[in-house]
Amino acid sequence: MIILDTNVISEYYRDIRDKKRSNVVENIESKSFGVYATCSIIIAEILAGIKYLELKHGEASRLRSFYSIFLEQIPCIYFTNETGEIFSQIKSKLQTRGTPVADTDIMIASCVISIDGTLITKNTKDFEKIATVSELKYKSWG
């Protein structure tokens, strides 16, 4: 299973909206939507971004509609007790090394690891650190 990170889904939306055939659009559309998933943490990040735009600009209905339709087409991996255990192992190893990483990225990685999936992201900096102390598999579409 391929988990699409927040930044990949956001770029996909922008490129579809702007009618661009980017690397992200080509990669996503080259496979069946059945190979993709997301996780509850990514959905929370997307919804927070939409809410911010609604508060800042007063309206984001097209954006909200796109994400609702897109996210209905792919399964969601939820943060559970199992992913919480994976999170605690990764977080403690990173803390021991003195390596700061955002908790949300560790939570996303925990969801990916729990299903033996691969994360697709455009921001590998934190995920590189996580992979050094875990079984995280990731690729960049950057």
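No value in this document is a laboratory result; all are computed from the given coordinates. Here the structure is a predicted model, which is why all the values come from computation and not from measurement. Cβ atoms come from the backbone with ideal geometry, glycine included; neighbour counts cover every protein chain shown.
Cross-link check: pairs 20/122; 91/129; 93/125; 93/129; 91/137; 56/139 evaluated at a Cα-Cα cut-off of 21 Å; pairs beyond the cut-off: 56/139.
May I ask you to order 75-86, 118-129 by the average number of other C-beta atoms within 10 Å around their residues, highest value first?
Answer by packing, highest mean first, reads 118-129, 75-86.
Projecting the Cα atoms of 52, 88, 75 onto the charge dipole of the range 34-93, computed from C-beta unit charges around the Cα centre, puts 52 farthest toward the positive end.
Projecting label points 7 angstrom from Cα along Cα→Cβ for residue 1 and residue 123 puts them 2.3 nm apart. Only the Cβ atoms of Lys and Arg (+1) and of Asp and Glu (-1) were treated as charged; on that basis the dipole of the chain about its Cα centre amounts to roughly 400 debye. Pairs of alpha carbons in the chain separated by more than 19 Å make up 52% of all such pairs.
In percent, how large is the relative contact order of the range 2-77, given Cα pairs closer than 8 Å and 6 or more residues apart? Relative contact order of the range 2-77: 39 percent. Rounded if a/c is under 1.5, else prolate if a/b beats b/c, else oblate: with a ≥ b ≥ c from the C-alpha gyration tensor eigenvalues square-rooted, which is the range 2-77? Judged from the Cα gyration tensor, the range 2-77 comes out oblate (a/c at least 1.5, b/c at or above a/b).
Ignoring everything except DSSP H segments at least 4 long, calculate the 222 nm mean residue ellipticity for the chain; use -39,500 (n - 2.57) per segment, divide by total residues, nearest 500. Value at 222 nm, helices only: -18500 deg cm²/dmol. Principal semi-axes of the equivalent ellipsoid, √(5λ) from the alpha carbon gyration tensor of the range 81-140, are 16, 14, 9 Å from largest down. Available extension along the chain between residue 23 and residue 68 is 13.9 nm, counting 0.36 nm per residue and deducting the alpha carbon span. Dipole orientation for the chain: of the candidates 39, 65, 115, 65 has the Cα lying most toward the positive pole (charges on Cβ; Lys, Arg +1; Asp, Glu -1). Across the range 81-140, Cα pairs under 8 Å and at least six residues apart give a relative contact order of 36 percent.
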